[in-house]
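The values are calculated or read from the model by the stated rules, or taken from the named source; none is laboratory data. Being a predicted model, the structure only gives us computed values, none of them experimental. Please note: Cβ atoms are built from the backbone with ideal geometry, for glycine as well, and neighbour counts cover all protein chains shown. In case anyone asks, the SASA skips ligands and DNA or RNA and just uses the protein heavy atoms, side chains included. Shrake-Rupley method; radii C 1.70, N 1.55, O 1.52, S 1.80 Å.
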Amino acid sequence: MGRSRRTIPEELLLLALDPATGTTAQPQSLDLGLAGAQLVELALAGRIAPDGDRIAVVMPRPTGDPTLDSALELLRRRGSPVRAVHWIGGPRLGLRQVYLAHLERCGMVHAVAGQMCGVLPTTRYQATDTTISREIRARLDSAIRTGVPPDPRTAALAALAHAVGLGKHLYPGNEGRSSRSRLRDLIRHDPMGGLVAHAVMDVQNGVAAQPRRDRAPAPASQPTARATATSVPLQPRRTGAMARAAAH
């Protein structure tokens, strides 16, 4: 994958980076969004494909991007399709710092050391070329204001920006309400982007993993907590109550 095209994780992070403070908006949810953005980028590169609500590796050949290839290898090692909500909510947090370091190596940002309260060391990140961030923002603005269906990359970026809560950062206040609403509506223009965006929101809402249907039930004479949990009727996914029913 050549460096002539920025990846969706890179663009999402640049959108979240505040040029005035050098900090990122929505830092907690941004890790989840970056994990989802990796899935979208790998799908666009033809390495993975959706299989229902799961993600399957269809071509394990590396892309040439180290951060994406690390995610691709982890997916390949799973050996079978993995649910998007499992992947995004898995123990791979810290992607924000991984991608900030990545953008610094690529020359898109530079680190500025500082101190908090004169004692605690801090690091802020300033964009080396603000025209890049403005171009990314202009694509979103155009999709929102013109109503013309965006290209898949822009649609996926919009879906992820909404999912991690960047709408209120990009379009603040009452005057930005209609733009935030249209940003949310762009989810429908890219199936993969919509899949991972909803998975990001599910993880943030505490929706846990659905028990595997192919798991053998425990013997009746030896009931287990897991067997009891799977006997509880599950609600449809869109209600957001599935995992809470399965977990208790």
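Hey, how many Å between the Cα centroid of segment 122-187 and the Cα centroid of segment 53-74? Here the answer is 26 Å between Cα centres.
Electrostatic tally near residue 144: other residues with Cβ closer than 11 Å to its Cβ, Lys and Arg +1, Asp and Glu -1, net +4. The listed peptides 121-131, 80-90, ordered by packing as a protection proxy, come out as 80-90, 121-131 (highest mean of other Cβ atoms within 10 Å first).
For residue 104, the accessible surface of its heavy atoms amounts to roughly 80 Å² (probe 1.4 Å, protein chains only, rounded to the nearest 10).
Give me the net charge for the shell around residue 179: Cβ to Cβ below 11 angstrom, other residues only, Lys and Arg +1, Asp and Glu -1. Taking every Cβ under 11 Å from that of residue 179, the sum is +3. When the solvent-accessible area of segment 1-70 is split by element, carbon and sulfur atoms take up 54 percent of it, the probe being 1.4 Å. Were the residues from residue 145 through residue 111 laid out at 0.36 nm apart, the gain over their Cα-Cα distance would be 8.8 nm.
Per the Debye formula on identical point scatterers at the alpha carbon atoms of segment 103-189, with no solvent, log10 I(q)/I(0) at q = 0.15, 0.24 Å⁻¹ is -0.68, -1.10. Between residue 54 and residue 5, the simple label model (points 7 Å from Cα in the Cβ direction) yields a spacing of 2.8 nm.
Here the simple spin-label model places points 7 Å from the Cα toward Cβ, and for residue 138 and residue 73 these points are separated by 3.8 nm. Rg and Dmax of segment 1-117, based on Cα coordinates, read 15.0, 50 Å.
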